[in-house]
Each structure stands twice: as C-alpha cells, then as structure tokens.
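Working notes, structure below.
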Amino acid sequence: MLSPLESGAISPPNSSDEKPWAAVGRDLLEKGEYELAIAHFNKRLGLAGTGDRDQLEIHRYLAVLYCYADRNTEAIKSCRRALELASSLGLREEKSSIEAELAIQERYASAMKLRASGDLSGSNPHFEEAMLKSRALGNEAYEQKILRSWSFNYLGSLNILKRYLDLNIQALNLAQSLNHRIEACRAALNIGVYYSMKSDYSHALSYYLKSLFYARELPLSKDTIVCLNNVASIYIALADFDKAFDYMSDAIKRIDPENPGPFQSSLLINLGQSFQALARNFQDQEYCLRALECFSSYLKLEKTARGTDFSLHALNGIAGVYVDQGRLDEAKALLLPVLDKVKTDKTSALSEMILLNLAAIASKKGEVAEAERYYCETQAAAQQSNDVLQLIRAAYGLGRCAEQRTDFGQAIAFYNEALGVIAGAGSHVANDTNRAEFISRGREPFQALIELYYKLSVKGPPGTFERELYRVSESYRARSFMEYLGKRSRRKGARPPDDAGSLIADKLNRERLTLLKELSRGAGSQAGNEGLQSRIKHIDDMLDAAVFDRQLQDDATAALTLPVSLNPLQNFLLTDRTALVEYLLGDERSYLICVTKNSFHLVPLPPAQAIQDSLAAYLSFLEDPSIPASKGLPAARRLYADLFLPAENFIPASVNHLIIVPDGILFRLPFETLVIQGTGPASADRYLNDRYIISYAPSASALFHLAHKPKVPYAKEVLAFGVPEYAQPSRRSMAQGAYSAASVLDELYKRNGFVMAPIPHAQREMTELAKRVPPGKADLYSGDRATEGAFKRLDLEAYRLIHLACHAFSDDRNPLRSSLVFSAGPGDAEDGFLQVSEMYDMRTNADLVVLSACQTGRGKIVRNEGILGLPRIFFYMGARSVISTLWPVHDKAGATFMDYFYDAYFRGAGKAAALQAAKRKMTKTKYSHPYYWASYTLTGEF
C-alpha cells in the first residue's frame, strides 16, 4: 500500500483508488484549511471500524498537516504512530519511507527550535538537512514547507536577501505542482516582499497579484487582506493613487468592525498613509482629514487590539498631515520624542519618514541648515535600505535647501540626482502605464530644475540656460514612451508562447465573464455589485500583469532612446519650412519653446491651472455643434493670443508647417481651431489651420526617432477594417441566460452611456478608399467579417496604410482597458473588444494608421508624458504616424472628411498636408463648424 503523499504526490481528485474521506482531507490540505483537515482526520480515527491500514494512512496525512500548521511536536508523534503501525503490519517499504519522513520532521523541528531561540546560523544546517532528506525521498510536500520556512532566515539583510528569493521561488514551484493554493499564495507573497525591498515595483506587483490570485480562491480572510494591502502599497509607490485606494478600501471592508484583529487594525495606518498620499497629489484637504481620522482611530484602540505596536507610525502620520496643513510647531512637538524612540529601537524605515517630516518643517520655517541636516540623515538611511522613494524626496529637499542658499550649482546637482533616481527605478517598471505614473513622481524636482534654469537665464548669458532647460524638458518628456519604443525596437520577432501563463489567463477570463454576466443582470444589491466590480478590476490588473510579465522575462530594464539635442533637431529634422512649438506646463509658470531651423526661443506662459481654466469652456464648445461657430470666435482669438502669438514673433515667414508638442490639458486642444484675428476690413479672421500645416508629437525626440525609422517594402497598400452596424444582442436570449462575452460587454457599456450606434457611412468610406489603389493591393473587412479574431490573424506588417472605421472606447481611469470595438461575428472566439492590453504583442510597419472611430485620441493624460490610449499602442506596434479623433465624430461628416483627406493624400500630399487640405475644404461646406473637422489630428511622422 502506498501513501497518498508518497513521493510528494497527493492523489488527484476523483481517482479510482482514493477513498472519499481521503479526498475530503486532501481538498482541505490544498486550500490551506489545516486545522479543519486535522479535525477531519482525527474524527475519522475515532470511528469504529477504521482499520490499521486506514489509520496508517491517516497518521501520515496528519504528520504533514501538523507540520504545515506549525504543530511540530504533534507532527512527530503522528509520524511515530504511523511507523508503529507499519511495523506491526509488516509493511517494510512503508516503514522505510516513514522512517525517512520522521528524520525529516525531527530535523525540521530542531531547526525551528533553534531559530526561535535566536540562533539563525545554527538553524541553517538543520533546515538544509531536512530539505535534502525530503528531496532524496521525493516528498515535495515536506520540501515545499521546509523551503518557505527556511527562507525567513535570510530576510533581515540586503546582503543575503537573494537566498530568501531563491528558496521562495523553489517553494512556489512546488506549491503550484502540488496544487497547494495557500502555500503558493504565501510563497508568491514572500517573493513580492523581496522585490519590494529592492524597489523593483514591477516584479513586486506581479507576485503580489499572483498571491492575490490564490488567496481570493480561499476563505482565509487574513491572507486576502495581506495581499490587498501589499498590492495597494505598490500602487502608492507607482503613484497610481486611485488603484491604491481601491485595493486598500477592499482590504478595510474585510475587517470585522466588532472584532478587528491585530493585523486588521494595523491597516488603519496604511489607509491613513494612502489618504495622505492622495491629499498631497491632489492638494485636497478632505483627504487630509480622512488621513487624520485613520491615524487617530488607531491610537484610540486598546493596546491588545493593536498587535505589533504601530503607534509611532500613527503619530508620524498625524505630524505629516500637520506639516501639510502648515501646523508646523504642533508637528515638531509630536515628532521629536517619536524620533528619539525610533532611534533607540533602530526602526530605520520609520526613522526616514520622521526625518523627512522634520526636514520639511525646518525648510518651511527657513531654517536651512537644520533642514539640510535632516535631509542628509534621510539620504544616508535611504541609501542603506535602498528606499527609492525616500532617496528622491531627500535629494529634492537638499536641492531646495541649496537653492535657498543661492548655491545654484549644487541645487542643479541635487535636482538631477533626484531625477536620476526616478529614471533608474522607472526603467525597471515593465507596465507602460505604471512607468508613466511613476516617472510623474519627478514633477517636483523636474519643475524646480526648470524654474531654476529659467531664473538663471534671465540673469545669465543669452541662450545658455534656455538650452539647458530644453535639454531637461526633452530628457523627461514622454520618457516612458521613449523607453518603450527603444525596448520594442530591440526585440525582433514574435515571443514564444507561455503555456502556463495562458492557462492562468484563460481561467481569469472565464471568471471575468461569469462576473460580468452576474453584473449585467442588474439584480444584485449595491454592496454586491460593488464587490463584483472590485473583483473584475482585480482580474483586469492580473491580466495586465500577465502581459507585462512576459516582458520582464525578456528584459526588465527599458532601453532608453536618447533625447535629441538641439543641433540634430535643427540640422536633420527641421527645414526652412518647419518649426517646432513645444509646451511645458508648470504649477508656478508654464513655458513655450519655439525652435526653427536657425533659432531657439523660450517664452514664459501662465501656470497650468490658469491655462486649464482658460480652455475649459472652449473645449466644450468644440464638442457641441449646436453652439454657433461665431460664439466660439472670441475664445479662439484669446487662446491664439495667449498660447501661440508669443511664438509667432519668432517664426520666419517661410515656415508653413508647425509641429506642436503639447503638455497636459493642451493634448485636448486642436490648435488648428485657434483664430488669427483680422487686422481690418480687408483682412478677415482665419483659422491657424489656414496659415499652417499642423501635426503633433509626444516630444521632439519621439518625432526624431519616428522620422529616422528605416523604410520597409509593403506587400499591400491598404487594409480597411470597419463595422458599419453592430449586431444588437437579443434581449430574449439574454433573459434566457444565453450570454456571450460580447453581449455582456455590450450591455454593460450601454449602461455606462457608451452606445454603439450604427455608422453606415463607414462602408462607403472603406469602399472608396479601396478603389484608390491598384487591384489586389487592398484588403477590405466589413460587417461580420470585421471581427477581432480576423484582425488578430492578419499580418499587419504587410500594409502601408491601415484604416479602422469602428467605434472605440477610451478608459481614462485604466488606459489598458481602452479598446477598438469590432464585430462579434458568428464563430469568433473573441469578445469583439480589442483592448490595448491585448495589442502589446502585435506588430505593424504601417506608414499611417487612421483611427476614424469616435474619440480614439482620448485617454488618460499624464503631465510631461502625454495621452495613454489607443494612438500610443499603435506607435509601440511599429506605426510611423497615427490619425485619431479627440471627440465623437459625425458619421456622414466623417465619411466626407475622409474622402477629402484621401483625395489629397493619394494625389501625393504629405499626411499632414492632406489633413490640412481636408479641414480647409470642410470649412467651405455645411460642416464648417469645428466640431465636424477639428477632431482629427495627426501624431508622428508627417
């Protein structure tokens, strides 16, 4: 007779030789319900009629379960009882195996006892011997437990932390092979802790989400809360405060308010820190008050409910809020005694936070020497602990102090140091959205450096500091975009399939669809629906992590495409007929940089908030054709005077093409609509589009990179892909439960105000386009043929021009969920929503991609980075330029516009020139209102 644990193999479910009671116990073991499993097997032992052979099997199960439950004395007793039974039954093979198991148990127990006494080095040989014995026996169940337990010996020091990682990776692999879900959860969590300590946020997030994947399948609330808390902590580090708040709120909801355990109580500290980060990011006092409430609530708890005492963290949190509120003396009175206590206890992470608060107080009071002392102490501690976020804050603070001392050289050095830390850590963030958000953490040192260069330019030699300002701007503008372009250009060919990752993704997608079906019925309570939505968000994050996991396997470090300096920009990109106008929005002051073939000029502009307030009403006008065009003229003239006239003075008369590099809210503005006011009766108002060809770029460096991509031959000229009319899901079939992924998503998007109205003129748009090229050089997919699956199967590298006439959905909150909406054709396995997250492994060499769908140019705006949305992913796929739309387009007017555009384009006009021509023609038709033509913008090579 073989034990079900023989060689580490638990009998598979429903196997013919597995007894029902053993199957129940095995299932509890896999779920991590060790105490329930122990009770189950002990109950079985007490039943009359349980024979010696069954008792032997039960005791072997119990030996493992007691070991996993950290009840080592009882584990050894069960092992010895099993040995006695094997001896009495004359089972020599089992006896030999159990003797080996007993030796493992005894070595493991002695290792745990030595560690508990503080003798880590003495316990290591015992752990190693136990592990090697279990490996020699082939017992993976024991080996997995020993590896994870042993790993904690190496958690304390960065010098030996790699061993902690190696042991947990082995433990995770074994737990997955054994289907021990809670053990896989905990091993993945430990690996996440390792990467978090190394400030490797992508790997940390990936493993925390894997841990959550296992935890959410199980009823162990504490493990789920730990996972949610750790995911939130990484999103805070990545400056994605919305997601951090979602995860932390989910964790808090799982706390029993009547009986919060010690761990759950400590989450109040984390939630307070989340609110504090939100308050600083959004300058919102409401978040400050909520942070105070969390910290104060923790301090009011009974000490027995606190577990590990985080009262010092709570006091530091309160002091931090006071600093933000300007209550400096109160903050300092709280912090000084806390710092003394922390230094005694040698709590380095908390010490860094307290030092930063004290430094901020001193700086705000003008006590520069004291502030510098605190910042230097923080920097030294952060270097020791490899705390990237504190290193950034310390370097930035030292820069401010040096600037207050008028030591501008040192200030520049410290600001550059802070930006260098951000750039270095950011290059290891695989997810493009996360990287862009993380790099935005450099806003303070970036703006401080820009401001300092501007102030020096006023006093210093002409041109010197202005050019340095441009260099800094280009170094950190669209940096994530540039890094990803560099990374994509390095990787050649398709990535090999990841079978294990595909299985997890399939499981997640199936669960996601089940949840969407339930949500689409609309019959649940508000709390129930919120829970479903929360789970769907978590699955989306896990699916996104799976996408970028593959890139981490390729190379975790992004390859930076170096920013272009002024000389190559002026000598190799700009001509006598082109000028580049770059905007840089700042909290204190904004800037316009005007570069022509032979000149460079810097002009200060109002702060970002003033520009945003100035634009708000005009942007609303552009999207509403019911407002007469004449009503928008005053604002269009004013914005021309505020935003462009300062550059016009430096642009030679020979220039007829403007390259606009926007920033912030200016990405929403079609500059073509700005109005040059007439100077008299003979000089009428005219749009900027009448004066200049206009194209856009994420940065000058990005445009330089795109313009110098090598030319490639094309097998085909045109791919036209569109959906003139979307099939509506049958209400009856949905009521009867015949749900498909497409029908569920259709219903949910409709409830959120996204209506997929028919776009019948899209058919004419595509048909006319196909006629413009020689026979056999165009492929046209429309109606039921225009499915997501069909698009994915195409060789997109074969086409010079890709035209997509379909609806699009832009998700400002989660850019990776933005999608093109294709037909959900019969037999297509896809749901019809081609999401950005699905497009990272797709490739194209298209010279031009036209996204003539509604608002394809929208998305989340990240300052200095640009729009995170659909055009961006097509550049990553390999496109040279993209035409997209800033708001929903009118179907018939859109088809007319495309006719005008392609008329000019196929007669030989450049892409930007053809777009200008189409816009000028539209102003002479019944579609003269900017709503009908200004939505279309060209980004990239022109």
>> Just to verify a number: FRET efficiency for residue 535 and residue 222, C-beta to C-beta distance, R0 = 22 Å, to 0.05?
In response: 0.75
> From the square roots a ≥ b ≥ c of the eigenvalues of the alpha-carbon gyration tensor of segment 36-191, which class results: rounded (a/c under 1.5), prolate (a/b over b/c), or oblate?
Replying inline: prolate
> Excluding ligands and nucleic acids, what accessible area in Å² is computed for residue 98 using a 1.4 Å probe, to the nearest 10?
Replying inline: 0
> Rounded if a/c is under 1.5, else prolate if a/b is larger than b/c, else oblate: which is segment 537-688, with a ≥ b ≥ c the root eigenvalues of its Cα gyration tensor?
Replying inline: oblate
> Cross-link partners among aspartates and glutamates for residue 19, C-alpha distance below 13 Å, same-chain residues fewer than 8 apart left out?
Replying inline: 27, 54, 57
>> Output the 0 to 90 degree angle, nearest 10, between the alpha-carbon long axis of helix 911-922 and the longest principal axis computed from the alpha carbons of the chain.
In response: 60
> So, in nm, how far is label residue 653 from label residue 53 when the simple model puts each one 7 Å beyond its Cα toward the Cβ?
Replying inline: 10.6
> Given the chain, what percent of its DSSP beta bridges are antiparallel, to the nearest 5?
Replying inline: 50
> Which loop GluC sites (Glu not before Pro) in segment 308-385, with loop taken from DSSP, have no more than 10 other Cβ atoms within 10 angstrom of their Cβ?
Replying inline: none
> To the nearest 0.05, how large is the calculated FRET efficiency for residue 404 and residue 286 if R₀ is 25 Å and r is the Cβ-Cβ distance?
Replying inline: 0.20
>> Given a 1.4 angstrom probe, what's the average accessible area per residue across segment 127-166, in square angstrom?
In response: 39
> Using the Karplus equation 6.51 cos²θ - 1.76 cosθ + 1.60 (θ = phi - 60°), what ³J(HN,Hα) coupling, rounded to whole Hz, does each residue of segment 189-203 give in order, writing x for Gly and Pro?
Replying inline: 4, 4, 5, x, 4, 4, 5, 5, 5, 8, 6, 9, 5, 5, 5
> Counting Lys +1, Arg +1, Asp -1, Glu -1, what net charge surrounds residue 623 among other residues with beta carbon under 14 Å of its beta carbon?
Replying inline: +2
> Over the chain, what is the mean sequence separation of C-alpha contacts under 8 Å (at least six apart), divided by residue count, expressed as relative contact order in percent?
Replying inline: 7
> Roughly how many debye, to the nearest 20, is the charge dipole of the chain about its Cα centre, given +1 on each Lys and Arg Cβ, -1 on each Asp and Glu Cβ, and no other charges?
Replying inline: 1640
> What length, rounded to one decimal in nm, is gained on full extension from residue 177 through to residue 87, with 0.36 nm per residue of separation minus their alpha-carbon distance?
Replying inline: 29.2 nm
>> Less than 11 Å Cβ to Cβ from residue 852, Lys/Arg counted +1 and Asp/Glu -1: what total charge do the surrounding residues give?
In response: -2
> So how do 637-646, 613-622, 162-171 stack up, highest first, on mean other-Cβ count within 10 Å?
Replying inline: 162-171, 637-646, 613-622
> How far, in degrees from 0 to 90, does helix 388-404 lean away from the longest principal axis of the Cα atoms of the chain, to the nearest 10?
Replying inline: 50
> For residue 764 and residue 325, what does the FRET efficiency come to when R0 = 45 Å and r is the distance between their Cβ atoms, rounded to the nearest 0.05?
Replying inline: 0.15
> How many nm is it between the label spots at residue 812 and residue 771, if each spot is 7 Å from the Cα in line with the beta carbon?
Replying inline: 4.0
> Quick one: helix 221-237 against the long Cα principal axis of the chain, what's the angle to the nearest 10°, folded into 0 to 90?
Replying inline: 30
> Of 199, 96, which has the most accessible area and how do the rest follow, probe 1.4 Å?
Replying inline: 96, 199
>> Under the rule a/c < 1.5 gives rounded, and otherwise a/b versus b/c splits prolate from oblate, where does segment 381-457 land using the Cα gyration tensor?
In response: oblate
> Roughly how much of residue 476 is accessible, in Å² to the nearest 10, using a 1.4 Å probe?
Replying inline: 40
>> Could you give the length gained by full extension between residue 907 and residue 623, i.e. 0.36 nm per residue of separation minus their alpha carbon distance, to one decimal place?
In response: 99.2 nm
> What nm distance separates the two modelled labels at residue 166 and residue 333, each placed 7 Å from Cα along Cα→Cβ?
Replying inline: 5.4
> Where the centre of each part is set by its Cα atoms, how far does segment 787-858 sit from segment 575-643, in angstrom?
Replying inline: 31
>> Quick check: net charge around residue 160, other residues with Cβ under 14 Å of its Cβ, Lys/Arg +1 and Asp/Glu -1?
In response: +2
> Expressed as a whole percentage, what fraction of the accessible surface of the chain belongs to carbon and sulfur atoms when a 1.4 Å probe is rolled over the protein heavy atoms?
Replying inline: 52
>> Only four residue types carry charge here, +1 at the Cβ of Lys and Arg and -1 at the Cβ of Asp and Glu. Report the dipole size of segment 333-467 about the Cα centre in Debye, rounded to the nearest 20.
In response: 180
> From the cross-link list 792/911; 210/507; 31/198; 253/300; 222/243, which pairs have alpha carbons spaced over 23 Å apart?
Replying inline: 792/911; 31/198
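The values are calculated or read from the model by the stated rules, or taken from the named source; none is laboratory data. Just so we're clear, the structure is a prediction, and the values are computed from it rather than from any experiment. Backbone-built Cβ (ideal geometry, glycine too); neighbour counts: all protein chains shown. Please note that ligands, DNA and RNA were not included when accessible areas were found on the heavy atoms of the full protein model with its side chains. Shrake-Rupley method; radii C 1.70, N 1.55, O 1.52, S 1.80 Å.
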